[in-house]
Structure formats: structure tokens, C-alpha cells
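Structure first, then comments.
The values are calculated or read from the model by the stated rules, or taken from the named source; none is laboratory data. This is a predicted model, so every value here is computed, not measured. Glycine gets a Cβ as well: all are built from the backbone with ideal geometry, and neighbour counts include every protein chain shown.
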Amino acid sequence: MIEGEEYMVVAPGMLLATSEKKGSGVYIYEKKTYSKYYGIVKKQSNYINVIPFNQRYTPKKGDKIIGKIKEFNYPFWIVDIMSPHNAYLHITNASSYNTRQEKLMEIYAPDVWIYSEIVEITDRVKLSMRTPDTKVLKNGRIAYIPPTKVPRLIGKNGSMIKTIQERTKCRLVVGQNGVIWITGDKTELVNLIIQKVDKEAHISGLTDRVNEIIDNYYKPNN
């Protein structure tokens with residue numbers, strides 16, 4: 001935790017403050033402030049900004065991504081997808097069922113996280129919750145990885161993510177925008193693994209090193 005530091009390098013998921021702080025490149029979980037990215041922290045008064053080393057996500061049609069509801073501006077929900085531009089979920093694409101608008105407003109409240117698909121890119125990035133596997137995400141925590149490293153986290157034929165899920169007993173939903181939703185009892189362990197993948201994605205033998213982290217975690221007295 002770096003509450004007293006004004007300028008330093010931080011990693012995704014690193015605790016920045018034990019209270020809620022406004023700023024860019026951060027997120028709030030259980031009233032604490034965490035870093036979204038690998039980058040440089042700059043603190044100013046009650047603000048904490050993380051300037052990422054990597055470029056942000058560039059949306060592509062067909063991508064499955066994780067985003068956070070910001071607000072409703074009829075007929076769209078505006079969604080933060082960790083990109084320079086917001087995405088938009090039209091009310092007609094919010095459900096495959098004949099759900100009343102009042103109920104949809106409850107489901108897609110501000111700060112709710114969703115796993116959705118980009119179905120069209122014009123002057124706006126348009127999302128849908130009507131395609132397979134899309135869902136509202138509940139009872140989990142968020143982690144981040146640069147979008148270019150998502151394939152390494154998933155692994156060949158899903159091998160890496162399968163190993164992580166089987167050995168930690170956690171479930172991961174990975175957005176192609178680099179946002180990851182984690183549920184289970186070992187979310188801190190999974191976050192350590194994600195940081196390892198981020199740092200060493202370019203080095204061979206990564207699966208062995210991930211297994212080593214898990215082995216060490218489960219050793220007695222850990």
C-alpha cells in the first residue's frame with residue numbers, strides 16, 4: 001500500500017489507499033482504492049492518478065468485453081470499457097427477454113459490471129447483452145491486464161486459464177479489453193498470477209512459474 005508515496009511504479013490490483021480516492025486509472029473495491037494498470041502513480045491532494053505504460057483498448061466488432069455502467073441517457077446505457085471512448089448499450093439490446101424498462105433500470109444500475117459483445121462500430125461503439133455468454137457480473141472482483149496480453153492469460157487452447165481455475169477453484173471471465181472478473185475464495189492469489197502473466201508474458205516457461213506461485217501459496221504457514 002502506497003498511501004504516503006507521491007510518485008512510484010504500480011501494478012494492476014495494487015492497493016493505493018485504504019479509503020476511496022477519486023482519479024483516473026484507479027478503481028474502488030470495498031471502499032479502498034486500487035490501481036487499474038501498470039504505470040506511474042501521481043498523487044495530488046485527494047486525487048490519485050495512474051498513468052498506464054500501455055495503450056488502452058481499441059474496440060473491435062465481435063469482441064467480448066467487460067465494462068462498467070456509468071449512466072442511462074435514453075435510449076442508451078453509457079458503459080466504460082477502459083477505452084478512450086465509451087460504449088453504448090441500447091435498451092433494445094439489453095435483454096433477450098421481454099423485460100420491463102423499470103426492471104432493466106434496476107439491473108443496469110450505475111457501477112454494475114457487465115460482460116457484453118461489441119456488435120457494431122459506427123460513430124459509437126454499440127454493445128449487446130443478447131448474444132451468447134453475455135451476462136451481468138455479480139459477487140466478484142476486478143483485475144486488469146494489457147489487452148495485448150489477454151491471449152497469454154488464456155493460453156493455447158485455453159490451457160493457462162484452465163490451470164488457474166482448476167488449481168485456485170476460482171472462476172475467471174476475461175474480457176478482450178483486458179478487464180477480468182474473478183469469483184471465488186482465492187481472488188488475491190489469482191490477482192498475483194495475473195500480475196505474473198503481465199510481467200512475464202514474453203518469457204518461456206510461464207506455466208511452470210504460475211504453478212510455482214500456486215504451490216507456494218498452498219504450502220503450510222502460507
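Some notes on this structure:
- Within the range 129-136, not a single residue is modelled with pLDDT of 95 or more, closer than 26 Å to MET14 by Cβ and under 18 Å from the mean Cα position of the chain (by Cα).
- Candidates in the range 17-52 are the residues that are under 26 Å from ILE118 (Cα atoms), without any contact (Cβ under 8 Å) to a residue 60 or more places away in the chain and assigned to a loop (DSSP other than H, G, I, E, B); of these, the one that is farthest from the chain's Cα centre (by Cα) is SER24.
- Test: residue in the range 170-191 that is exposed (fewer than 15 other Cβ atoms within 10 Å of the Cβ), over 18 Å from the mean Cα position of the chain (by Cα) and more than 21 Å from SER83 (Cα to Cα): no
- Candidate set from the range 137-147 (those that are under 10 Å from the mean Cα position of the chain (by Cα) and in a strand (DSSP E or B)); member that is modelled with the lowest pLDDT: TYR144
- Candidates in the range 53-80 are the residues that are in a strand (DSSP E or B) and without any contact (Cβ under 8 Å) to a residue 40 or more places away in the chain; of these, the one that is surrounded by the most Cβ atoms within 10 Å (Cβ to Cβ) is TRP77.
- Yes/no for SER83 being outside any strand (DSSP E or B) and surrounded by fewer than 13 Cβ atoms within 10 Å (Cβ to Cβ): no
- Just so you know, in the range 86-118 the residues that are modelled with pLDDT under 95 and part of a loop (DSSP other than H, G, I, E, B) include one that is surrounded by the fewest Cβ atoms within 10 Å (Cβ to Cβ), and it is ASN98.
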